[in-house]
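The values are calculated or read from the model by the stated rules, or taken from the named source; none is laboratory data. Because the structure is predicted, anything quoted here is derived from the model rather than measured. Quick reminder, even Gly has a Cβ in these numbers, built from the backbone with ideal geometry, and neighbours come from all protein chains shown. The accessibility values were calculated without ligands, DNA or RNA, using every heavy atom of the protein model including side chains. Shrake-Rupley method; radii C 1.70, N 1.55, O 1.52, S 1.80 Å.
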Amino acid sequence: KVTLREAKVQAHLEKGVARTDLTLHFDHELKKPAQMTVNLTVHKDAVITGYSYWFKGEQIDARLLDNDKAWEIY
């Protein structure tokens with residue numbers, strides 16, 4: 001079972017553009033690290049400029065890859 005523990009949103013407006021940072025913290029009942037997928041729907045005019053995740057206390061910047069390359073790495 002996975003539970004959303006905290007959702008934090010920070011938005012900054014500048015020249016008619018909003019930069020929004022979304023941080024989600026999840027808890028799970030497993031005794032070891034686990035992998036999960038989060039699907040996030042954004043407005044059709046939105047631009048995602050980056051995302052990251054935490055691993056062993058370190059923030060890791062993720063990379064956006066095309067589907068074939070991602071599966072090759074996985």
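Qualifying GluC sites (Glu not before Pro) in the chain, where qualification requires a DSSP coil assignment and no more than 10 other C-beta atoms within 10 Å, comprise Glu29. What the Cβ-Cβ distance of Val42 and Asp68 gives, at R0 = 25 Å and to the nearest 0.05, is a FRET efficiency of 0.60. The shape of the chain can be summarised by an equivalent ellipsoid whose semi-axes, obtained from the alpha carbon gyration tensor, come to 25, 19, 12 Å from longest to shortest.
Heavy atoms only, probe 1.4 Å: what % of the accessible area of the chain goes to carbon and sulfur, would you let me know? Ligands and nucleic acids excluded, carbon and sulfur give 52 percent. Projecting the Cα atoms of Tyr74, Trp54, Leu30 onto the charge dipole of the chain (Cβ charges, centred on the Cα centre) puts Leu30 farthest toward the positive pole.
Taking trypsin sites (Lys or Arg not before Pro) across the chain, the ones in a DSSP loop with at most 12 further Cβ atoms lying within 10 angstrom of their Cβ are Lys1, Lys15, Lys31, Lys44, Lys56, Arg63. Looking at the stretch 1-56, the accessible area is 105 square angstrom per residue; that uses a 1.4 Å probe and ignores ligands, DNA and RNA.
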